[in-house]
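Worksheet for the structure shown next.
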Amino acid sequence: GPGPDAHFDYAPASHEVLTKVKALQNLADEYHIPLAAAALQFPLRNPNVASVLIGTAKASSFQRNMEMMAIAVPEEFYTRAAAFTMS
């Protein structure tokens, strides 16, 4: 989510980015899903994507990411989220 130490593209997140992330977080809250689950699963919506590689150094992070992949994210979430995409 849009925390105070948030980064985007290896730099502190701009006000514009934080505003968009807050809108996405609010949308995820509306659907009762973690924003991280929607983000991790987003690339798999493209039929040309066969897998998603997630870098992690800790077993606990890997477990958390696998749990995020198991959460059902409604297609409607992504349709509505398109209004907040980064340009």
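The values are calculated or read from the model by the stated rules, or taken from the named source; none is laboratory data. Fair warning: this is a prediction, and the values are worked out from it, not measured in the lab. No Cβ is skipped: glycine too gets one built from the backbone with ideal geometry, and neighbour counts run over all protein chains shown. With ligands, DNA and RNA removed, areas are computed over all heavy atoms of the protein, side chains included. Shrake-Rupley method; radii C 1.70, N 1.55, O 1.52, S 1.80 Å.
At 1.4 Å probe size, with every protein chain present, just tell me what the per residue accessible area of the chain comes to in Å². Write out the running numbers ahead of the final one.
Working: 6220 Å² over 87 residues.
Computed with neighbouring chains in place, this is 72 Å² per residue.
Between VAL52, VAL17, VAL73, where does the largest GNM mean-square fluctuation fall for the chain, given springs only between Cα atoms within less than 10 Å?
Comparing VAL52, VAL17, VAL73 in a Gaussian network model of the chain, the most mobile one is VAL52.
Between PHE8 and residues 5 or more places away or on another chain, which pairs have amide H atoms under 5 Å apart, with H built 1.01 Å from N, and which residues are they?
ALA13
Before rounding to the nearest 500, sum -39500 (n - 2.57) across all DSSP H runs of length at least 4 in the chain and divide by the residue total; then give [θ] at 222 nm in deg cm²/dmol. Each step should come with its number before you reach the end.
Numbers: 4 runs with 41 residues, N = 87.
Counting only the DSSP helices, I get -14000 deg cm²/dmol.
First compute the accessible area of the chain with a 1.4 Å probe, then give the percent of it belonging to carbon and sulfur atoms.
Values: 3680 of 6220 Å².
Answer for the chain is 59 percent, counting heavy atoms of protein chains only.
In nm, give the distance between the simple-model label positions of MET66 and ALA50, each being 7 Å from the Cα along the Cα-to-Cβ direction.
Going by the 7 Å Cα→Cβ label model, 2.2 nm.
Go through segment 64-72 residue by residue and turn each phi into a ³J(HN,Hα) via Karplus (6.51, -1.76, 1.60, θ = phi - 60°); whole Hz please, and just put x for glycine and proline.
Values per residue, Gly and Pro as x: 4, 5, 5, 5, 5, 6, 8, 7, 6 Hz.
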